[in-house]
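Participant: Could you have a look at this structure, given as structure tokens, before my questions?
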Amino acid sequence: MLARIARMIGEFETGRLTRRDLIAGLAALAAAGGAIGRAPAAGAPRGAFRAVGLNHIALNVTDVARSRAFYVEHLGLRVSSESQGSAFLRCGDQFVALFRSPDPGMDHYCYAVEGYDAGEAARRLEARGIRPRVTRDRIYFDDPDGLEVQLSSPGHGV
């Protein structure tokens, strides 16, 4: 994992990776490494939620078909559904969502949360001074750097 972090920082320093993408990549590595799922230390305050995994990452891409082909060919992801403006690619129990956009980059990332309920999640976030955006049963909010975070149940999109 240290080599991957060093490579990402090198790409950021040479301008091949944006600050936003660096932060998203580091967050994904932390989640994949189990840091998110660990129990808090004895006496440590419990967070508003208990994330149990990274559910998905949504990317804005200029050409959905080209990006779909890239991820299928080079990473072995499997297409679960697609339309002219989007594609959803399975990666184990997680997925990558591709959305057509003139501005490529990360759209949002989503954590699977124990006992997820959109209304309760909105109340918890508001109580902590965070203004969530609720769409049906989905909830979105920005992290301190403006990266969009989504919360979902562990089975969302499976």
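Participant: Applying the selection to segment 101-121, what residues are over 17 Å from the mean Cα position of the chain (by Cα) and under 23 Å from residue 66 (Cβ atoms)?
Facilitator: Those that are over 17 Å from the mean Cα position of the chain (by Cα) and under 23 Å from residue 66 (Cβ atoms): 101, 102, 103.
Participant: If you go through segment 72-81 one residue at a time, do you hit one that is in contact with a strand residue (DSSP E or B) (Cβ under 7 Å, 6 or more places away or on another chain), among the aliphatic types (A, V, I, L, M) and over 22 Å from residue 21 (Cα atoms)?
Facilitator: yes
Participant: Then there's this: Checking the conditions here, which among 107, 117 is without any contact (Cβ under 8 Å) to a residue 12 or more places away in the chain and within 19 Å of residue 134 (Cα to Cα)?
Facilitator: None of the other options fit; the residue is 117.
Participant: Okay, next question. Go through 38, 16 for me and flag whichever is at pLDDT below 90, more than 19 Å from the chain's Cα centre (by Cα) and in a loop (DSSP other than H, G, I, E, B).
Facilitator: Just a single option satisfies the conditions, and that option is 16.
Participant: Please give the strands (runs of 3 or more DSSP E) falling wholly within segment 46-158 in which 3 or more residues are open to solvent by 50 Å² or more (accessible area, probe 1.4 Å).
Facilitator: 78-82, 94-100, 133-135
Participant: Could you grab the pairs with beta carbons closer than 7 Å, sequence gap of 6+ or different chains, first residue in segment 76-95 and at negative phi, second one open to solvent by less than 20 Å² (accessible area, probe 1.4 Å) and of a type in the set (Val, Ile, Thr)?
Facilitator: 85/64; 86/64; 87/64
Participant: Let me ask another. Please work out if residue 24 is more than 13 Å from the chain's Cα centre (by Cα), closer than 21 Å to residue 144 by Cβ, modelled with pLDDT under 95 and open to solvent by less than 30 Å² (accessible area, probe 1.4 Å).
Facilitator: no
The values are calculated or read from the model by the stated rules, or taken from the named source; none is laboratory data. Since this is a predicted model, take the numbers as computed values, not measurements. Don't worry about glycine lacking a Cβ; one is built from the backbone with ideal geometry, like all the others, and counts go over all protein chains shown. Heads up: the accessible areas ignore ligands, DNA and RNA and are worked out on the full protein's heavy atoms, side chains in. Shrake-Rupley method; radii C 1.70, N 1.55, O 1.52, S 1.80 Å.
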